[in-house]
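The values are calculated or read from the model by the stated rules, or taken from the named source; none is laboratory data. Being a predicted model, the structure only gives us computed values, none of them experimental. A quick note on method: Cβ atoms are made from the backbone with ideal geometry, for glycine too, and the neighbour counts reach across all protein chains shown. Heads up: the accessible areas ignore ligands, DNA and RNA and are worked out on the full protein's heavy atoms, side chains in. Shrake-Rupley method; radii C 1.70, N 1.55, O 1.52, S 1.80 Å.
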Amino acid sequence: GLFTLLQAALIAWFAIDVLGLYMDGSIWLVLLMNLLLSLTALTLGILLSSFAGSEFQIIQFIPLVIVPQVFFSGLFNLDAMAPWLQKLSYIMPLYYGADAMRGIMIRGAGWSDIQLDVYVLVGFSILFVLLNVQALRKHRAI
C-alpha cells in the first residue's frame, strides 16, 4: 500500500505539473482513490490466484475479468449499450473508482460527493478477502 501510494503520488504529480493535466479537486482524494483501487485490485488478484493452478491460468483470467472492467468503467460511453448491459457496470469495481476520479479531477468533487464510491470499493475489498478465505479453505488444506 505504501509503495502504491508513493507511485500514485509520483504519477499524479507528473501528470498535473509536467504534462499539465487539468485537475480541479484535492490531490489527497486522488491518492485515496488510487490506494483503494490498488487494494481492490490486489484482493481481486489474490482471489483469482486461489482458483488458479499455475501462473498461466492467471494470465487466462485477464480477458475474462480485467478487460470487461475497462469497458464498463465509463471510459467508453455506456449510453449506447443496451440497458441490461449498462447495469453490468454496477458490479465492476473499476466503475466506482473511475467515477470518483472523474468527479475529483474534473468537477472538483469533495468527500461528500465521492463517499459512496469509497464505501463501495471498501466493500468490494472486504468481499474479495472473505471469498478468498473461503476459497483457500476449500481448495487448500490450511
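List of remarks:
- Evaluation of MET101 against (1) over 21 Å from LEU127 (Cα atoms); (2) open to solvent by 90 Å² or more (accessible area, probe 1.4 Å); (3) not small (Gly, Ala, Ser) (one fails), failing number: (2)
- Taken over segment 2-31, the criterion of being part of a helix (DSSP H, G or I), open to solvent by less than 60 Å² (accessible area, probe 1.4 Å) and at pLDDT 85 or above is satisfied by ALA15, ILE27, LEU29, VAL30, LEU31.
- GLN115 vs. criteria open to solvent by 50 Å² or more (accessible area, probe 1.4 Å), under 22 Å from LEU5 (Cβ atoms) and in a helix (DSSP H, G or I): yes
- Residues of segment 59-84 that turn out to be modelled with pLDDT of 80 or more, in a helix (DSSP H, G or I) and either in contact with a helix residue (DSSP H, G or I) (Cβ under 6 Å, 6 or more places away or on another chain) or among the hydroxyl-bearing types (Ser, Thr, Tyr) (or both), as a count: 3
- Residue among LEU88, LEU44 that is farther than 19 Å from GLY25 by Cβ, out of contact with any Lys or Arg (no Cβ under 9 Å at 6 or more places or on another chain) and open to solvent by 30 Å² or more (accessible area, probe 1.4 Å): LEU88
- The test for being in contact with a helix residue (DSSP H, G or I) (Cβ under 7 Å, 6 or more places away or on another chain), acidic (Asp, Glu) and over 16 Å from LEU127 (Cα atoms) does not hold for ASP17.
- Unmet requirement for ALA41, which otherwise passes all of (1) small (Gly, Ala, Ser); (2) under 18 Å from PHE128 (Cβ atoms); (3) not in a helix (DSSP H, G or I): (3)
- Residue within segment 67-79 that is charged (D, E, K, R), over 14 Å from the mean Cα position of the chain (by Cα) and surrounded by 12 or more Cβ atoms within 10 Å (Cβ to Cβ) present: no
- Condition met for ASP117 (of a type outside the set (Gly, Ala, Ser) and in contact (Cβ under 8 Å) with a residue 60 or more places away in the chain): yes
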